[in-house]
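The structure appears below as structure tokens.
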């Protein structure tokens, strides 16, 4: 969609668009949505196939029991971490300057989490029994922790999303909604707090998910108390990549709409936060890797080299994960000269996100591919079109929801009288 | 005024829901089914002098439970019609003569994945039949079998009181009921103990 | 007293005939699905063929029956299951899988180092009428759940029942023999109570030739293997994967 | 008064609040959860009394003892019988899935004429017509049964012929028949007393004879032992299951078996390692070396190993006379090795030869599916399963697994005579009929198989020889009445005859036989070319790399 913007002309859906906001014509907007709608439709069809005929529609098998979908879940939940982290910074640490991207953060978070939950529902063999986890939870299972936290946090995100939704021009007309929104808004700081707590836990337990697998020496990590080191690494990497991802999203929107939506220095601030955290993460990750390669893994008789003797999963991946997509972006994001340049900043952010995705990919896919029994082979797995389609469906769903929110909700206009909520501003 | 109107409407909704939930719902949930024959435990106990349940519902020496007696057991007395009742006619003509088993609707029938051993509960633990099957063995007619439309099992599994609040000790055969009894007698069995 | 059922499989006796796999599948009502492949099949008992990696006269092959190892300590699948569909039975030490509780998340499958857990990718189906040949006492599983070796618990049930009927508290081990053990034509699989020091199986498990797969991971599997051939033990202990090459001690020809 | 939107909201609020204190939500949750754990469309085992019955496996001529578990009257599982003298508790993998065979999708339920369905009446008419035109030949795949004698006497009356298709193990004994005049079907291998067994391509551990025989022997006397009581030397091109488990494996290219046998024989004779005398093979050691690819020392060493521990016997996997000749040289015929187990006088006529002049040919269900007679006569083929691509004119549905009473004569390769009975445990569908039943129904003067079984039991009882081996062993002489004896047989007991008389097999061999190039039959189910396999066996092929499906192997 071109950056030209139609102005001063009444749009077909003008009365739904916030006053003073300029939006492109409805037809062009729909034109922009239509391809995504198609992808989403195909995705829903594929998901339907999986639900109706069962998981034989996928290309997973008894040894590759987790596939593309789990990677997707871990990936988007990591990127969605921007939501809770920004909320945390704004409301708990009172960093008011981040407020302009707060709404975007919430919407992005909502999209990521709802998408992840949707995929999880397809991924389990008996979705109608998924709720048993709440009735007969196994408190020792990381997955139980994940299930509880993610579902609770999705609820929180929806509650955070509602006030933004209610700021729509038409919905504001209903007095009761206005009241509701105002009440709810008082609650948002609390929600942010709760969200932070929940997110901390499930981001961690998503890491723990693999870290606890004693039977998979490639993933198994020692840890503190009940939590393997991956638990903490995941939290770190998630909050490190979150801001970068927000930055990318916002930048994309600015590019697409050709508007300047946030104060120019905001990106630098985000980048700096992201960079610092990334640096810490890289340090921690390196230490963890050393401990794992030299102590944890040899202690159960697995020589480090054998994890990396299978192409294309050689040591280059490890290098890329830590240096190329970790150390490098961390530097670019924090170093004054590069951080000052938008181009550098954004590409660094992109690298950071890619790094996190690679990390999730390695942990989910390589773990299963690497042989454990002495007479096992290295495994290959290619997802079926149904898996890919539902994957794409989630992405499309995200784009569509975000586009709609952007068009009809004041995502970037800080609502008036709001600053009074925040001290030190 | 407005307030009271609201209260009224609210109460009305409440009342409707309560009636629907407590009165209508149970009727909708269960299908009433008649047994193929009208069997009288009492009469059989008196006429044939059968005192003990085990004489017909025996546990075989390998421990397997024989359950409802097979047709030849009935045929041993009913090879020809005894008495004039309609049920008698059906028994002889449509089951014994052609040699079909009677398709009894079993009140206590559990899902295929549940395993229950009468031998262990009766022979080892010495439970009386009545502890689970109530005094059904002495009644004088067969009850209506109530089939749960959703789960497809007998109402006896859930127990007769729909709330499961004030129910008789023998009422209900859900897993939780088994667990309760096991807890009371602190006999521990894992999932494996009762599941196939 | 609580038993600890386990097995010792003498690999030198295994001829790879596959009787154990057949008997297991028949006993546990495992369907023969035309759609299933080696990747997606259901083989609670799976005999795998392994070699010493050499070729020609120096080549040696042996067969390793893989089933659930019923890990005793820190059982990987038990602690990961989100809704308690897997448990280590206190009385028997059997790691048991409850298909009716399972939601099919397959986390346990990723946790199992032995790949001894199988997912029902399809609903079970049999040719018309063949469901009459299903073994009573074992409920057939549905699509979307994980299953594995439950050590023929149906046979354990009937053994218990028989004991109860004859007024005994403990079962007679002669009444409880898993299908694979019963089927093995060479008697390569010895089943017994490892907790009982006098039990033949428990004694064999302590013999110098006995070993366990991936024992070093520390999950205390209750399925032991046994072989006098050095290369077999070397293979089992190695962590170097299929690239391993071990020269045999006996020269053929 | 008019109802406002507000009223509706309030009303539903009340209703919602009310529902929460009714059983509705909670009961629905509970019931749906039970429903979701017991999907109604998942087949579940039938309920009914469980019993264990004794019978024997009728899939192949080995007749392993079978414990059959039935529920509500249907077989739901099989197991071996440890007290059984033939199978000793073992069954082959196919056996464990046999109880599902009757439900196989390819089960024959209607008479087929060519490609189109027909009826028994039409089949009878066609058969009667053919009979009126000329002689009738009957082909049997499992001779010696009570049913076989029905087939035999029928063909005699129709001045036709009685031909048999023998299993590979029996066919390997053909040369001795030629040299001694004792029918191959009366010969067996004395493995129980052997200390060294040289198998030239015979899948001894993989479907050779009843699995309970050699497999058990090997497990007891050889498995995992560097210096075993029973030395198994496997001569085979590739590392087969048997070769992999053998004490020694001698890789020899396919087709060089005769050369190896000759080479070994030459060494044995030249170096006077054997007391028995036999013809010196024309082949020189050098030629043997050239053909087998082994070194001269290797052949000498092999020869030494063969005679190091006696009794020794050589077992081939086909009727290669060179291998038989080696046994003669070894002196492994008569008193040990190859022995005569029964007094049968006249040999069977093999069905492989062309069948001239016959108008109709009855092919019994026991004949391997892949056998098709070389003839222009009208072929009436009995079969329980349609293996497809049958060249028979008529396909007639026969009883399936344990669907009729049959008896079990001595298993191929056995060193002593046995007799057992396999009671039918399942009611056969009304439309099926065995060849014996069919012929008996045509010629009412024929004794039925049941009658024959009874008269055989009488013979056993009168003979007063041998022992009935079941839960406990009882000498036949101890039986008070024939009923008692039959009762025991029906309960799975097996009659075992006396040990063979040593000197009844004398092989006259003047010079070394000229050899035919040996064919290499595939492992497993060589004894039983089934039209179909148990579904679980097919599963085993598909879902593991343990075995390759026969169709793949032959391809």
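Residues considered: A:357, A:379, A:120. Largest GNM mean-square fluctuation over chain A, using C-alpha springs under 10 Å, is found at A:379.
Can you compute the modelled spin-label distance between residue C:234 and residue A:135, with each label point 7 Å from Cα toward Cβ, in nm? Placing both labels 7 Å beyond Cα along the Cβ direction yields 5.5 nm.
What's the FRET efficiency of residue A:340 with residue D:32 using the Cβ-Cβ distance as r and R₀ = 60 Å, to the nearest 0.05?
On the way: r = 60 Å, r/R0 = 1.00.
About 0.50, to the nearest 0.05.
Just how far, in whole angstrom, is the stretch B:96-131 from the stretch D:346-385 if you go by their alpha carbon centroids? Spelled out, the Cα-based centre of one part sits 53 Å from the other. Using only Cα atoms, find the angle between the long axis of helix D:296-308 and the longest principal axis of chain D, and express it within 0 to 90 degrees, rounded to the nearest 10. Result, in degrees: 80.
Order these peptides, B:119-125, A:184-190, by their mean beta-carbon neighbour count within 10 angstrom, highest first.
With the highest mean Cβ count within 10 Å placed first, the list reads B:119-125, A:184-190.
Helix content alone sets the calculated 222 nm mean residue ellipticity of chain C: runs of n ≥ 4 DSSP H residues at -39500 (n - 2.57) each, divided across all residues, give -5000 deg cm²/dmol. Highest GNM mean-square fluctuation among C:25, C:164, C:154, for chain C modelled with Cα contacts below 10 Å: C:164.
For the pair the stretch D:177-199 and the stretch B:135-151, the centres of their Cα atoms are 69 angstrom apart.
Dividing the C-alpha radius of gyration of chain A by 2.2 N^0.38 Å, with N its residue count, gives 1.01.
At an R0 of 22 angstrom, the distance between the Cβ atoms of residue D:20 and residue B:184 translates into a FRET efficiency of 0.10.
Distance from the C-alpha centroid of the stretch C:176-253 to that of the stretch B:15-36: 60 Å, rounded to the whole angstrom.
Fully extending the segment from residue B:160 to residue B:140, taken as 0.36 nm per residue of separation minus the present Cα-Cα distance, adds 5.3 nm. Convex hull of alpha carbon positions in chain B: directionally averaged projected area 16.1 nm².
Panel note: the C-alpha atoms of the protein assembly as shown, placed on their principal axes, show extents of 118, 95, 66 Å (largest first).
Taking packing as the residue-averaged number of other Cβ atoms within 10 angstrom, the listed peptides D:106-114, D:471-479 run from highest to lowest as D:106-114, D:471-479. This ranking places D:378, D:257 by how few other beta-carbon atoms lie within 10 Å of each, fewest first, which gives D:378, D:257. Taking max minus min of the alpha-carbon positions on each principal axis, the stretch C:62-122 gives extents of 38, 33, 17 Å, largest first. Oblate is the label for the stretch D:50-102, because a/c, from the alpha-carbon gyration tensor with a ≥ b ≥ c as root eigenvalues, is 1.5 or above and a/b does not exceed b/c. Any chance you could give the angle, 0 to 90 degrees and rounded to 10, that helix D:120-133 forms with the longest Cα principal axis of chain D? Relative to chain D, helix D:120-133 is tipped by roughly 20 degrees. Placing pseudo-labels 7 Å out from each Cα toward the beta carbon at residue D:52 and residue C:216 gives an inter-label distance of 4.4 nm.
Each stretch of four or more DSSP H residues adds -39500 (n - 2.57); spread over every residue of chain B, this sum gives -8500 deg cm²/dmol at 222 nm.
I'd like the mean, over residues of A:362-373, of how many other protein chain beta carbons sit within 10 Å of each residue's own Cβ.
3
Annotation for residue C:206 and residue D:352: the two label points, set 7 Å from Cα along the Cα-Cβ direction, are 5.8 nm apart. The DSSP beta bridges internal to the protein assembly as shown are antiparallel in roughly 65% of cases.
Within 10 Å of each Cβ in B:160-172, how many Cβ atoms from other chains are there, averaged over the peptide?
The mean count of partner-chain Cβ atoms within 10 Å per residue comes to 1.
Could you give the angle, 0 to 90 degrees to the nearest 10, between helix C:153-165's Cα long axis and the longest principal axis of the Cα atoms of chain C? Between helix and principal axis, roughly 60 degrees. Taking every alpha-carbon pair in chain D and binning the separations at 10 Å intervals from zero gives 3, 16, 24, 23, 16, 7, 3, 3, 2, 2, 1, 0, 0 percent.
Antiparallel beta bridges, as assigned by DSSP with both residues in the stretch C:5-243, represent about 80 percent of the total such bridges. For the stretch C:5-243, the Stokes-Einstein estimate of translational diffusion at 25 °C and a viscosity of 0.890 mPa s comes to 130 µm²/s, using the Kirkwood hydrodynamic radius over alpha-carbon pairs.
The peptide list D:171-178, A:202-209, put in order of mean Cβ contacts within 10 Å with the highest first, becomes A:202-209, D:171-178. Each of C:14, B:194 was scored by other Cβ atoms within 10 Å of its Cβ. Listed from fewest to most, they are B:194, C:14.
Listed from fewest to most Cβ neighbours within 10 Å, the set D:544, C:2 follows the order C:2, D:544. As a calculated quantity, the FRET efficiency between residue D:275 and residue D:471 at R0 = 51 Å, using C-beta atoms, amounts to about 0.70. Taking A:76, A:122, A:226 in turn, the Gaussian network model of chain A (Cα-Cα springs below 10 Å) assigns the largest fluctuation to A:226.
How crowded by other chains is A:61-70, given as the mean number of beta carbons from other chains within 10 Å of each beta carbon? Kindly include the intermediate steps, with their values, before the conclusion.
Values: counts 9, 18, 6, 4, 14, 5, 1, 0, 0, 4.
Other-chain Cβ atoms within 10 Å of each residue's Cβ, averaged: 6.
Bear in mind that the values in this text are calculations on the coordinates, not laboratory data. Keep in mind it's a predicted model, so treat the numbers as computed, not measured. Reconstructed Cβ throughout: ideal geometry from the backbone, glycine too, with neighbour counts over all protein chains shown.
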